Amino acid sequence: MSSVRDCYEANVAVYPLGGETSLDYGLPARREGVGLSLAGLDRVIDYPARDMTITVEAGVTMRTLAETLARERQRLPIDVPHAERATIGGVVATNFNGPRRYGQGTVRDYVIGITAVDGTGMTFRGGGRVVKNVAGYDFCKLLTGSLGTLAVITQLTLKVKPIPEKTAFVATRIHDLQDAEPLLAALVQSATTPAAIELLAGPEWSDVLQAFGDERPLNEDLALVVGFEGTAAEVDWQVQTLGEEWREQGAGKFGALSDKAAEELWRRLTEFPAATPAPLVLQASVVPSGVTRFLATVREVAADCSIQSHAGNGIAIVRFAEFPKDGLSRTLIGRLQPAASAAKGHVVILANPGGAEMTHQSVWGGDAAFGLMGEVKKKFDPNGILNPGRFVYQGMEQSE
């Protein structure tokens, strides 16, 4: 892009913009620069449906992509809030993944070709337009989750999957996190193959079990919700089998739902991270066996928070009802980051609309790999003009 080259030569910061649904993610920009909108890059370049791949420009919205694929009974099984605005380029840049990640994988697994512009304005490509290729370096995985700091993504080739015939959920009430642990551990050995394993708690999920026939509000309890997708016969068998397994394990009353009710629950699970404004939204990534211990600490810190945990993957999204009384740094650095570290993970801030205490340590935590990542950034963006200061790098990006 000539605009990026011009900014490189003038040493002006560039802030790539897609659907602008994740502007709260990462540190706030502290250097003046220009916003580079990719909304105009919204074409479908190639869609050989029989090959189950599609090539699109980065500004295509997730809803447009879904509608295009649905005409051929196909989909990209990545769940993203605000699909009507979120762009595929932004989803890849932030590496955003929803509840289906347990059974379907992450967006990194679906990007097989990429075109981007580095910090000097040079266009480069990686991968290709077929699923099996070994063309060059794996830029697809390198750029996924880089928050637009290595290059501006302009075009993507994705592999896609068929739309399943049926979807369903099975859910049960859990009275405390200690009771959740054996049920979660048993799912690893289950004869079923879940598409999602969700552990839900807090006021925003108060009514979640009503659709399953449990009219009592969730209150202090938790809900374990397991999703299935596939042919009608596969899904029906898995729902029945998991029910039998739960009976043998001594689980409480459970229920199932499918069809439109299941689709509505998928929608709620997808939209939760950004459903309504919240004073603070965090995401933890820990080993799956450490989820319940980490959530116990979360509930000690903020008893009225709402939680969605992709428990099978060790992901926990926490929406605070109010900003922590002890302050962000003390809550994160003093309590939650050590709890995540003990579970071999970390915590990042997804949204902090008030902007208070947004430091490198509070937003990203510490990671020994950050220094190596800084060396990679220098190769792609020698002047540090791409999204400067917003990601994990320290010491190399200029500020003004």
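Since every read-out is calculated from the coordinates, none of them should be taken as a lab result. Not measured: the values here are computed from a predicted model. Positions of Cβ are backbone-derived with ideal geometry, glycine not excepted, and every protein chain shown enters the neighbour counts.
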(message) Could you list His360, His310, His175, His82 so that the one with the fewest beta carbons within 10 Å of its beta carbon is first and the one with the most is last?
(response) His175, His360, His82, His310
(request) Please list, or write none, the aspartates and glutamates whose alpha carbon is within less than 15 Å of the alpha carbon of Lys161, excluding same-chain residues fewer than 8 places away. (result) Asp51, Glu67, Glu72, Asp79, Asp109, Glu229
(request) Arrange the peptides 220-232, 142-154 so that the one whose residues have, on average, the most other Cβ atoms within 10 Å appears first. (result) 142-154, 220-232
(request) Answer rounded, prolate or oblate for the chain, using the Cα gyration tensor with square roots of eigenvalues a ≥ b ≥ c: rounded when a/c is under 1.5, else prolate when a/b is larger than b/c, else oblate. (result) oblate
(message) Using a 7 Å offset from the Cα along the Cα-to-Cβ direction at both Ser206 and Asp6, what is the distance between the two label points in nm, to one decimal?
(response) 5.3 nm
(message) Skipping prolines and chain starts, which residues have an amide H placed within reach, meaning under 5 Å, of the one on Gln74, given they are 5 or more residues away or on another chain?
(response) Ile163
(request) Could you sort 87-99, 41-53, 114-126 so that the peptide with the highest average Cβ count within 10 Å comes first and the rest follow in order? (result) 87-99, 114-126, 41-53
(message) List the aspartates and glutamates whose Cα sits under 17 Å from the Cα of Lys344, skipping any in the same chain fewer than 8 residues away.
(response) Asp367
(message) Looking at the chain as a GNM with Cα springs under 10 Å, which of Phe169, Phe323, Phe272 has the largest mean-square fluctuation?
(response) Phe323
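What percent antiparallel are the DSSP beta bridges of the stretch 2-162, to the nearest 5?
80 percent
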(request) Would you mind putting 282-288, 243-249, 264-270 in packing order, based on average other-beta-carbon counts within 10 Å, highest first? (result) 282-288, 264-270, 243-249
(message) What is the distance in Å between the Cα centroid of the stretch 43-94 and that of the stretch 290-364?
(response) 31 Å
(request) Treating cross-link reach as a plain straight distance, find the lysines whose alpha-carbon is under 30 Å from the alpha-carbon of Lys253, omitting any fewer than eight places away in the same chain. (result) Lys166
(message) Is there a quick way to get the dipole size of the stretch 166-272? I mean about its Cα centre, with the Cβ of Lys and Arg at +1 and of Asp and Glu at -1; what is the value in debye to the nearest 20?
(response) 160 debye
(message) Can you compute 3J(HN,Hα) from phi for each residue in the stretch 321-326, using the Karplus curve 6.51 cos²θ - 1.76 cosθ + 1.60 with θ = phi - 60°, rounded to whole Hz and x for Gly and Pro?
(response) 6, 8, 5, x, 5, 7
